[in-house]
Structures are given as structure tokens and as C-alpha cells.
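> My structure is below; once you've seen it, I'll send some questions.
The values are calculated or read from the model by the stated rules, or taken from the named source; none is laboratory data. Here the structure is a predicted model, which means the values were calculated and not measured. Counting neighbours? That spans all protein chains shown, and the Cβs are built from the backbone with ideal geometry, glycine included.
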Amino acid sequence: VAVEDALKALSLLDSRKGQIVELRFFGGLSVKETAEVLKVSEETVHRDWRLAKSWLRRELGKEQSRGY
């Protein structure tokens, strides 16, 4: 539930980063496939994927520190 909530929050802040997480993590797409689906460069996918993972880790860490 915490992951789903964090992903929703990320998608509200930056929908492309949310889509990248969904395609890469849940859809199992490669960087190249994700770039093709979203019509962006592979470097953009790499950058957004890295930032999204960092953001999600931070958000999920907040949840854990609150005892959820």
C-alpha cells in the first residue's frame, strides 16, 4: 500500500517519472523499450528512473520512520 501511495504522489508531481516506474518496474520494460513507448531519449529514461527511485526511497523511508 505504501508503494502504491508513493507512486501516486510521484505521478502527481511528475507524470513521466511515474510512467517510467510503472513501465520499468511493473511492466518489465527495458530502458530502450520505455524510451520508445514514451517517445523520449534513453538518457531521459535513465535520468528520470534514477531520480524516481531516489524519490520513492525517500518517501518510503518517511513512512517507515512513522511506523507504517
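> Output the number of residues of the range 11-34 satisfying the condition of being of a type in the set (Asp, Glu), assigned to a helix (DSSP H, G or I) and within 11 Å of the chain's Cα centre (by Cα).
Taking the range 11-34 and keeping what is of a type in the set (Asp, Glu), we get 14, 22, 33.
Restricting the remaining residues to those that are assigned to a helix (DSSP H, G or I) gives 22, 33.
Filter once more, so that each one left must be within 11 Å of the chain's Cα centre (by Cα): 22.
Total satisfying the criteria: 1.
> Let me ask something additional. Restricting attention to the range 29-68, report how many residues are at pLDDT below 95 and on the phi > 0 side of the Ramachandran plot.
1
> If I go through the range 35-52 residue by residue, how many of them are exposed (fewer than 14 other Cβ atoms within 10 Å of the Cβ) and not in a helix (DSSP H, G or I)?
Matching residues across the range 35-52 total 2.
> Hey, another quick one. Taking the range 1-20, which residues are without any contact (Cβ under 8 Å) to a residue 60 or more places away in the chain and either farther than 20 Å from ARG47 by Cβ or among the hydroxyl-bearing types (Ser, Thr, Tyr) (or both)? Walk me through it before giving the result.
First, the residues of the range 1-20 that are without any contact (Cβ under 8 Å) to a residue 60 or more places away in the chain: 1, 3-20.
Selection gives VAL1, VAL3, GLU4, ASP5, LYS8, SER11, SER15.
> Under 8 Å between Cβ atoms, which residue pairs at least 6 apart in sequence (or on different chains) link something in the range 21-44 that is under 20 Å from ALA9 (Cβ atoms) with a partner that is among the aromatic types (Phe, Trp, Tyr) and surrounded by 13 or more Cβ atoms within 10 Å (Cβ to Cβ)?
Close Cβ pairs satisfying both conditions: VAL21/TRP49; ARG24/TRP49.
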